[in-house]
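Undergrad: Provided herewith is a single structure, encoded as structure tokens, for subsequent inquiry.
The values are calculated or read from the model by the stated rules, or taken from the named source; none is laboratory data. The structure presented is a predicted model; accordingly, all values stated were derived computationally and were not measured. Heads up, the Cβs are rebuilt from the backbone with ideal geometry, glycines too, and the neighbour counts pull from every protein chain shown.
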Amino acid sequence: MIANKGEKRFAEIDEMTSAILRFPGERLAIFTCSFGSADVGYYDVVGTRGNLRLENAYEYAGKMRCVTTIDGEKSQKTFKAGNQFAPELIYFSDCIINDRVPEPSGKEGLADVRVINALYESAEIGQPVNIEQVPKRRRPNEKMVIKRPAVKEPKLVSAKSPQSS
């Protein structure tokens with residue numbers, strides 16, 4: 001589902017998109033992405049026995065906190081602030097220098113584009129759109145972790161948050 005309220009700032013982009021993704025084993029993922037909603041930086045994962053919420057999930061500065069509830073038992077873990085962006089650049093540069101295929105690869109990026117195109121098609125025709133699953137050859141692991149010191153949140157100069165009208 002795609003929605004716009006008619007504001008000028010959404011003349012060329014969708015204000016909000018929601019979708020249901022169905023995965024093998026009858027697993028479902030439901031998400032909403034919006035440029036017009038409140039500025040939040042967390043996500044929730046809800047399962048049959050519990051849920052988790054990762055707070056400060058999308059920010060490049062600050063600590064992250066994960067709150068998990070399984071069978072009614074709640075726990076939480078805080079992750080120290082770190083630099084998420086610098087390690088990505090270091091890893092990608094190292095792949096170029098050493099002629100290695102990065103993870104995620106261009107093929108994974110293409111698979112992401114196929115999903116996005118299927119979501120647009122589904123919204124247009126009002127029906128689910130099936131796409132072929134792309135086999136995953138490699139997955140990220142702990143050996144790939146690169147840590148760098150945390151960064152400070154930059155001050156905005158003559159700018160507002162994208163959520164501000």
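Undergrad: Working carefully through the options Lys152, Lys147, find the one that is in a loop (DSSP other than H, G, I, E, B), of a type outside the set (A, V, I, L, M) and more than 27 Å from Arg100 (Cβ to Cβ).
TA: Lys152
Undergrad: Of the numbered conditions (1) under 18 Å from the mean Cα position of the chain (by Cα); (2) assigned to a loop (DSSP other than H, G, I, E, B); (3) farther than 22 Å from Lys152 by Cα, Gln133 satisfies every one except a single condition; which is it?
TA: Only one criterion in (1) under 18 Å from the mean Cα position of the chain (by Cα); (2) assigned to a loop (DSSP other than H, G, I, E, B); (3) farther than 22 Å from Lys152 by Cα is unmet by Gln133, namely (1).
Undergrad: Pick out the one residue from Lys155, Lys143 that is out of contact with any Asp or Glu (no Cβ under 7 Å at 6 or more places or on another chain), more than 23 Å from Gly62 (Cα to Cα) and either without any contact (Cβ under 8 Å) to a residue 24 or more places away in the chain or not assigned by TED's automatic domain parsing to the domain that holds Leu89 (or both).
TA: On inspection, the qualifying residue turns out to be Lys143.
Undergrad: Hey, Gly36 hits all of (1) in contact with a helix residue (DSSP H, G or I) (Cβ under 8 Å, 6 or more places away or on another chain); (2) free of Cβ contacts under 8 Å to residues at least 60 places away in the same chain; (3) part of a loop (DSSP other than H, G, I, E, B) but one; which does it fall short on?
TA: It fails just one condition, (2).
Undergrad: Could I ask something else about it? Restricting to segment 60-97, and then to whatever is of a type in the set (Lys, Arg) and outside any loop (DSSP other than H, G, I, E, B), can you tell me which residue is surrounded by the most Cβ atoms within 10 Å (Cβ to Cβ)?
TA: If we take residues in segment 60-97 being of a type in the set (Lys, Arg) and outside any loop (DSSP other than H, G, I, E, B), then Arg65 is surrounded by the most Cβ atoms within 10 Å (Cβ to Cβ).
Undergrad: Right, here's the next one. Is at least one residue of segment 122-129 in contact (Cβ under 8 Å) with a residue 12 or more places away in the chain, within 24 Å of Gly25 (Cβ to Cβ) and out of contact with any Gly (no Cβ under 6 Å at 6 or more places or on another chain)?
TA: Yes, segment 122-129 contains a residue that is in contact (Cβ under 8 Å) with a residue 12 or more places away in the chain, within 24 Å of Gly25 (Cβ to Cβ) and out of contact with any Gly (no Cβ under 6 Å at 6 or more places or on another chain).
Undergrad: Hey, Ala57 hits all of (1) over 30 Å from Gly25 (Cα atoms); (2) in contact with a strand residue (DSSP E or B) (Cβ under 9 Å, 6 or more places away or on another chain); (3) among the small types (Gly, Ala, Ser) but one; which does it fall short on?
TA: Only one criterion is unmet by Ala57, namely (1).
Undergrad: Residue under question is Val113, and the condition is that it be closer than 30 Å to Ala38 by Cβ and in a loop (DSSP other than H, G, I, E, B); does it hold?
TA: No, not satisfied.
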